[in-house]
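The values are calculated or read from the model by the stated rules, or taken from the named source; none is laboratory data. Worth saying up front: this structure is predicted, and the values here are computed from it rather than measured. When we count neighbours, we look across all protein chains shown, and the Cβ atoms used for this are built from the backbone with ideal geometry, even at glycine.
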Amino acid sequence: MTAVGAERIASAEQARDIAARLAAEFAPGAARRDRDRELPFAELDRLAASGLLATTVPAALGGADLAPGDLAEVVRLLAVADPSIAQIPHSHFVYVNLLRLAGSDAQQRRYLGQVLDGARIANAQSERGGATAAEIATAVRPVDDGQRFRIDGIKYYCTGSLFADLLAVLTRLDDPDGRSGLPPGQYIAYLSADTPGVEIIDDWNGIGQRTTGSGTIAFDSVTVDRDQLVHRSAAVDAPTAYGAFAQLLHAAIDTGIARGALIAAVDFVREKSRPWFEAEVARAVDDPLVVQRFGELAVTVTAAEAALDRAGAVVDSARHRPEHVADASIAVAGAKVLADRAATEVSSALFEVSGTRSTAADLNLHHYWRNARTHTLHDPVRWKYQHIGRALLHGTPPPLHGVI
């Protein structure tokens, strides 16, 4: 992919306005794109050109330095319209944040300068075959004089890779002789998507989030320079709110799916549903049981949105006050639980309140449920409850592992 050039956004209000306008453009084609697996290349070009992908670049480098809570609202607005489009830049924002927290000044100028010009970052992070998802087999090894490195491995679930200019590749340093002089641990290698030895494979076949480009990437003797490596430790082994930031955006996607499903249900019942005969009303919207159920669903969605807003505010505070990082993780964990519940419940209840007509395959209303069911599996909410309960009962802060 080639960066398309981007506008510059100066404020949170401008970012929200642009997100709302793009969402209105993206929404009409979302069901069709999902049904036909029509990849949103044009829509991603529009998103990049709008400047939204550069809004978290620090002000000192020319960005808007958008606060996490404001970014979460941008992501939520996009997810209401098309959850796949909202998820595609998730890793982009996470790896912009990693550069902010752990990149050198030169690395920030280099890569965030490209982001300001419209470049898109995708992740190459997850692997299969390890005992747990946290194990990383892909190694980065020094070659020659230790100034160059080689990467070999295979990554899966590489969301956004089909649309990316840059890849952020999670690796472990394999340097037993200490030739490179780098400290041990995990490194993110930032490299161009068209680097020799990189093969991006369009093989994502999940039941939901079908157009996210979350396929496989193979790395075969890929060579990178020392200055392309960023040690993760400064971001994930310190109280930086790195994990809370990433999880906040996941919660925003699920909250957006819930609102989108509720809007779709309202529209369908108003325009197409017939009332159940026992209600003795002329319109489905006047069936008291339907009215009751919509009230319940509205409360569920509103609660998720309120929790997201509160979590965003706590993460905003934690960016500058490390003593608030644990509170931010717990607040985001709660928001994630409510977002998960809202997205899966409302996207399923859509059919309950709309009736048999809503199950027509050509309408593809089930993409809300498939998207919700797929995206909410990203990390289990059962562990969110654990961290919340431990904090409440024992005063135990959540762990620093980057996913809470």
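Picking from 27, 60, which residue would you name as being touching a helix residue (DSSP H, G or I) at 6+ places or on another chain (Cβ under 7 Å), surrounded by fewer than 24 Cβ atoms within 10 Å (Cβ to Cβ), in a helix (DSSP H, G or I) and among the hydrophobic types (A, V, I, L, M, F, W, C)?
Residue meeting the stated conditions: 27.
Which residue, of 377, 393, is surrounded by fewer than 16 Cβ atoms within 10 Å (Cβ to Cβ), without any contact (Cβ under 8 Å) to a residue 40 or more places away in the chain, within 17 Å of residue 83 (Cα to Cα) and out of contact with any Lys or Arg (no Cβ under 8 Å at 6 or more places or on another chain)?
377
Before we move on, is residue 232 touching a residue at least 40 places away in the same chain (Cβ under 8 Å), over 22 Å from residue 128 (Cα atoms) and not small (Gly, Ala, Ser)?
no
Please give the number of the condition residue 209 fails out of (1) more than 21 Å from residue 110 (Cβ to Cβ); (2) surrounded by fewer than 19 Cβ atoms within 10 Å (Cβ to Cβ).
Only one criterion in (1) more than 21 Å from residue 110 (Cβ to Cβ); (2) surrounded by fewer than 19 Cβ atoms within 10 Å (Cβ to Cβ) is unmet by residue 209, namely (2).
Check 243, 197 and return the single one that is closer than 26 Å to residue 371 by Cβ and of a type in the set (Gly, Ala, Ser).
Just a single option satisfies the conditions, and that option is 243.
For the stretch 230-258, name all the residues that are crowded, with 22+ Cβ neighbours inside 10 Å, of a type in the set (A, V, I, L, M) and not in a helix (DSSP H, G or I).
230, 241
Does residue 42 fit the bill of being more than 20 Å from residue 364 (Cα to Cα), loosely packed, with under 14 Cβ neighbours inside 10 Å and either outside the structural domain of residue 359 (by TED's automatic domain parsing) or at pLDDT 95 or above (or both)?
Criteria met by residue 42.
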